[in-house]
1. Of the residues that make up the range 60-77, is at least one open to solvent by 20 Å² or more (accessible area, probe 1.4 Å), within 14 Å of the chain's Cα centre (by Cα) and without any contact (Cβ under 8 Å) to a residue 40 or more places away in the chain?
2. Among the residues of the range 255-266 satisfying the criterion of being at negative phi and open to solvent by 20 Å² or more (accessible area, probe 1.4 Å), which is nearest to the ligand (Cβ to nearest atom)?
3. From the list 183, 195, pick out the single residue that is surrounded by 14 or more Cβ atoms within 10 Å (Cβ to Cβ), part of a loop (DSSP other than H, G, I, E, B) and more than 16 Å from the ligand (Cβ to nearest atom).
4. Just to be sure I understand, how many residues within the range 209-226 are open to solvent by less than 20 Å² (accessible area, probe 1.4 Å) and aliphatic (A, V, I, L, M)?
5. Could you grab the pairs with beta carbons closer than 8 Å, sequence gap of 6+ or different chains, first residue in the range 25-46 and under 17 Å from residue 203 (Cα atoms) and in a helix (DSSP H, G or I), second one open to solvent by less than 80 Å² (accessible area, probe 1.4 Å) and among the hydroxyl-bearing types (Ser, Thr, Tyr)?
6. When the residues of the range 227-242 are filtered to those that are of a type outside the set (Lys, Arg) and more than 8 Å from the ligand (Cβ to nearest atom), which remaining residue is surrounded by the fewest Cβ atoms within 10 Å (Cβ to Cβ)?
7. Determine, yes or no, whether residue 269 is assigned to a helix (DSSP H, G or I), open to solvent by 50 Å² or more (accessible area, probe 1.4 Å) and not β-branched (Val, Ile, Thr).
Amino acid sequence: MPALANKKPKHPTDRPALLLGWYDRHRRKLPWRPPAGEWADPYRVWLSEIMLQQTGVKTVGPYFQKFVERWPDVEALGRASLDDVLRMWAGLGYYSRARNLHACAVAVLRDHGGVFPDTEEGLRALPGIGPYTAAAIAAIAFGARTMPVDGNIERVVSRLFAVEEALPQAKPRIQQLATTLLGAARAGDATSRAGDSAQALMDLGASICTPNKPACALCPLNQGCLAFARGDQESFPRKAPKKTGALRRGAAFVVTRGDQLLVRTRPEKGLLGGMTEVPTSSWIAGQEVKAALKQAPVIEAVARWHRKAGVVSHVFTHFPLELVVYTASVPARTAAPEGMRWVPIATLQDEALPNLMRKAIAHALGRSGPGRSAAWR
Ligand code: SF4
């Protein structure tokens, strides 16, 4: 039982000030955050928020640095080609984010003279910016009195107020409660600290109010936390049972021609849109291996496909996937089937290859280490 459990919550109205005081002492240093007291650059806030959707801070850090070094502002990104953006994004997953990122930069440049709109409404009209991201940019970069609610904030708020309703139905209630944690304006300053309040809650959720074993003794809000008082913090947020999609199955066909590999580009729309892949069969639930093999690309020089032992597994947000992998090697000068092309294996790292394809190629070529190419990492 935690030392402070079962104590009656005190001073709940002090929460915004307690939170900001804690943030001023313990804020995380992140590549997209300016030093304390300085306004954040909307471009960096937007870029980081898009990258952080479904991806952790540690993974995002190096990608964020690469992006801002190559494209230091939204104007530069808006003038980049989509192919370059997808290539730079490769490995970060959820590729529709990269496509929307590019579309958004183009729209800011074309429709707003390279300056982000400063209201939630204006931001939400841009490609790829939903309610959460709009609120985050408006609060952090423009000081709007709004509270973006991500998974970390949902967890903190649902514990603090012991929200019994399950997610996702509880979202509006959590949003309303989270807004009560917005900090006041600085003394003598007309601007709000809404952005700092939001970032304080994000940091609290990431470092103290963690999903398992929250460090409640270190939490600035423990005196007013209902779940802590009851001792059942880890049971929040309440969640409705998850529905996972059925397992889909398919085959990947890895064809080499000397030191080259056969690839194609996926259709612009849909899953992994516009990314590079080796030819694959359809991915459907209950698909038999024989049916998948019948969808192999037609290449005259391939007399027989060799099946690699094992499968490549990957989990998308709405379904898990297993691919069996077939290989073949063909003589020099074998033409690529229509819509496909040969690329040197040594330059695969320059292709917009999603992780699934990296895994399939590594499995086929038996190169799980970085020896030959960064693409196998
Ligand atoms: S007291 Fe514990 S459960 Fe409550 S908000 Fe703080 S860390 Fe989370």
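The values are calculated or read from the model by the stated rules, or taken from the named source; none is laboratory data. This one's a predicted model, so the numbers in the text were calculated from it and none came from an experiment. Note: ideal-geometry Cβ built from the backbone for every residue, glycine included; neighbour counts use all protein chains shown. Just so you know, the surface numbers come from the protein's heavy atoms only, side chains and all, with ligands and any DNA or RNA stripped out. Shrake-Rupley method; radii C 1.70, N 1.55, O 1.52, S 1.80 Å.
1. yes
2. 266
3. Among 183, 195, only 183 is surrounded by 14 or more Cβ atoms within 10 Å (Cβ to Cβ), part of a loop (DSSP other than H, G, I, E, B) and more than 16 Å from the ligand (Cβ to nearest atom).
4. Number satisfying all stated conditions: 1.
5. Note: pairs meeting the criteria are 26/207.
6. 241
7. Criteria not met by residue 269.
Residues are listed down the side, and each one gets a yes or a no for (1) closer than 17 Å to residue 44 by Cα; (2) modelled with pLDDT of 95 or more:
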residue: 101; (1), (2): yes, yes
residue: 142; (1), (2): yes, no
residue: 158; (1), (2): no, yes
residue: 161; (1), (2): no, yes
residue: 169; (1), (2): no, no
residue: 182; (1), (2): no, no
residue: 188; (1), (2): no, no
residue: 191; (1), (2): no, no
residue: 194; (1), (2): no, no
